[in-house]
Each structure stands twice: as structure tokens, then as C-alpha cells.
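Since the structure comes first, as C-alpha cells, the remarks are kept for the end.
The values are calculated or read from the model by the stated rules, or taken from the named source; none is laboratory data. The model shown is predicted, which means the values in this text are computed figures rather than measured ones. Cβ coordinates were reconstructed from backbone atoms using ideal geometry, including for glycine residues, and neighbour counts include every protein chain displayed. Keep in mind that these areas ignore ligands, DNA and RNA; they rest on the heavy atoms of the full protein, side chains included. Shrake-Rupley method; radii C 1.70, N 1.55, O 1.52, S 1.80 Å.
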Amino acid sequence: MLVTHLPELKEQPSYYSQKRAAHWSRESHHRLYDGVHSQVIQEAIKRVEDTFNRFLKGDFKRRRSGKPRFKSVKRYRTISFPQLKADCLTVITNPHKRKNGEARRNIAQINLPKIGQVKVIYHRPIPEGFTIKAALISRKADGWYIALTLEDKSVPSLTSPEIEATEDNSIGIDVGLEKFWTASDGTVEAIQQHYRKSEDKLAKLQNRKDKKPHKSASRRKLAKKIAKHHQKLQRKRKQFHYESATRLVSRDEQVFFVEDIKSANLSQQNKPKQDEDGKYLPNGQSAKSGLNKSINDAGWGQFLSILAYKAAKAGKTVVKVKPYNTSQVCSCCNRLVKKDLSVRIHECLCGLILDRDWNAAINIKRVGLDIFPCTAFSNPAGYLIFSSSIFVFVPLFPRLSIWISTISGRPDRL
């Protein structure tokens, strides 16, 4: 009889145990960590722990990320300083003038631990009363950037006010790919499609880069040029989102009802299909790839977050609602009109002919006001409507409008 003793299980590495490990010690690896601040090293350990936790445990929805891989020096583009001295930033007035007599930008330097004085472009003055707490240094395509974290305990936190939504002070917003957004009053914002317009130019640059020898200077030069072009597209998209959100917030409405959508879920790949023999069948991914590219180019998630921020600053609020069936239900008679994504005009038996996005925007507003019906089923004789805690069975007669009062006191047009 062979007896094998199992070794004792090792303690699972954690943030604090890794900090005590020998390979993070300055004494044993003096050349590796010479000139690096201790808090920067600790921040790297924290990132490793977070990465493995997302891989093993997942997030709050049990969704796990990919297996962690080694990050080389070239791919490590961000370092953070959790603590900085309050007087680390020095600003000196530039004595020189421009040729036209205008004053030049002030000369600024920031003192970083273990690095020393670094000259920075002081493009935005720090408000009085704020103190510098932390710094995040990131490397982008066109240079290095530093983001400072400021603190002022007298400034209250930015929160959206509680406003009671009514028919007059609210508006519904439907985002799309043909039109960037459509309001419930018919206002339309044209879509820009920054990536789509530069797709041919990027393809040519990518083909030129692929033909260059691996690890050559010309290949690195083209890669940097492509990265700068992507950065330019990103900034143009973000600028458009800010301008569009400003136009919305400047309206008279106080409450904005928007779709509670997740762009990452909409742009996921289709699940593979297999037959009984295990052969893969067409799943429509080729057609959806172009749709995914347009969804990512629109950037709905970034726009909605910017809109919520701008609205909170203006004393207004943004409410996310579930967009289920808002593009399928008629905003006039509440009839369920099934249509594919390619059908852009909403036509109903009641006689309503409306743009699909406009009809969806009206229904989004109705969902926010809690007057949107939940269509249970539809048949030739009639359909069941659930509206404000009452059930009503209405026969279908084309071009016939019936007004039924609800418990809330607001009539629903059927």
C-alpha cells in the first residue's frame, strides 16, 4: 500500500502578502527599483491583485475577464502617485510677450517624488481653496499627460436634484445610428460618424505598416501615426458629445428620459450555431460586424454619462428607463407593430405614419411618466392593455380613437 502525503496548501497571495514578498524588496532588487517611488510599486501590486480577482472571481455579475498576461515596459503607460505635497506645483508668470503683445502661457513645474521637477503645460489654473491630493501620469500617442486630483471640503458633492416629472417639463431621448438622437418633440441631432469617415485612411496606413519589417523604425513610425489618428478621432467624438449634451441641457425641459442601454452588450458577437454533426452554421456575425462598428463609433455610453454630468451641473436630472418595445408599440393607439431594424418608418392601422426613432422617443417619455402600456398579446379581435393598474380590452377598429381615463387621472389614447 502506497501512501502519498499531500503538501500543505499555500496561502493565497494578497495585496499585503505581495508587499512583504522578497521580489518587491528594494534591497534585493536595487537596480530594478532604483529611482521608483515606493507608492508607485505598491500601486502596481494592487493592479495585479485586481486583475487576478477579475479573472478568478469576476465582477458583481459573475462575469470574469481574460487570463492576466505579462505587461512589458512598453505596454505600461500609466503610473499613479496616491499622495503628493500640497506645494508640489510651482507657477511662474512668463515675462516674455508674443509678437502681437499678448501674454504667453505661465511657466509651471511639478515636483514628483523620485523624479524631481518636471515642466508642465499649465493650461487651466487651479481654483483657490483646492489642494492637490494625487496625480495620475499617463502616456498617450502625442505625449505625457498628468491628471491632478483636487480636494476642497467646503464644496458639496455633485448630485442630481429630485424633480417631479410632468408632461411639460420632461422630454424623451432616443439614440440611434441614422440620427444620433431624436427627441420626443421631433428635434433631431445628426450623427457624425467620425471613424466611418476616416476608415479608408486608417486602412491604407495599416496596410503600409503591415508591409514594413518587424521591429523596424519605419513600422514604429507608422504605428505612432495610426495611434495619433485614433486619438484625434476620439477627441472629435468627445467634443461632439459635449456640444450635443450642452444643446440638450440648454433647453427649457428639466427632466430627460433616456434609454438604459449598454453599448458593450449590443456590440457583442453572435453566439456560434452548430448542427448535429458539429458543423458551424451561419450565425449572421458578418452582417452584425458592421453594426457593431457603427455602435462603437456612435459612443452612446459616453454621451449619456456626459449628459448626466451636464444636467446635474445645470440643476436638471437624467432618468434612465427600460426601452423594451418602445420602438414596436404605436405611440398613438398602443398597438404592437412588429418590425425589423431595417424598417425605419412606423405605420399603424390607426393611421399614424411616423419616423421610427420619433415614435420610440415619444414612448420613452411615456415610460418615464409611467403611462406606457405593457402589451401582453395581440390578435385580430383585439388586444390586452395594462395601464395604470387596470386591464382594458379594446376591439380593433382602424382609425378609431377611444379615450379611457386611468387611475392617475391622465387619459391614455387607445
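Observations on the model:
- Among the candidates Leu158, Leu136, Leu177, residue that is under 23 Å from Gly368 (Cβ atoms), under 21 Å from the mean Cα position of the chain (by Cα) and open to solvent by 70 Å² or more (accessible area, probe 1.4 Å): Leu158
- Residues that are under 18 Å from Asp174 (Cα atoms) and not in a strand (DSSP E or B) within the stretch 339-359 comprise Lys339, Asp340, Leu341, Ser342, Val343, Arg344, Arg356, Asp357, Trp358, Asn359, listed in sequence order.
- The condition (being within 33 Å of the chain's Cα centre (by Cα) and in a loop (DSSP other than H, G, I, E, B)) is satisfied by just one residue among Ser65, Ser28: Ser65.
- Residue satisfying all of: in the stretch 48-57; open to solvent by less than 70 Å² (accessible area, probe 1.4 Å) and either at pLDDT below 85 or charged (D, E, K, R) (or both); nearest to His23 (Cα to Cα) among these: Glu49
- Evaluation of Thr375 against the conditions (1) modelled with pLDDT of 90 or more; (2) open to solvent by 20 Å² or more (accessible area, probe 1.4 Å) shows that the sole unmet condition is (1).
- Considering the stretch 108-132, and only residues there that are part of a loop (DSSP other than H, G, I, E, B) and closer than 14 Å to Ser80 by Cα, the residue that is least open to solvent (accessible area, probe 1.4 Å) turns out to be Pro113.
- Among the residues of the stretch 331-345, those that are surrounded by fewer than 18 Cβ atoms within 10 Å (Cβ to Cβ), among the hydrophobic types (A, V, I, L, M, F, W, C) and touching a residue at least 40 places away in the same chain (Cβ under 8 Å) comprise Cys332, Leu336.
- Top-ranked residue in the stretch 238-288 [being open to solvent by less than 40 Å² (accessible area, probe 1.4 Å) and either touching a Gly at 6+ places or on another chain (Cβ under 7 Å) or assigned to a strand (DSSP E or B) (or both); ranked as farthest from Ala165 (Cα to Cα)]: Ser263
- Annotation note: of Lys310, Lys316, the sole residue that is basic (Lys, Arg), within 20 Å of Ala165 (Cα to Cα), open to solvent by 50 Å² or more (accessible area, probe 1.4 Å) and touching a residue at least 24 places away in the same chain (Cβ under 8 Å) is Lys310.
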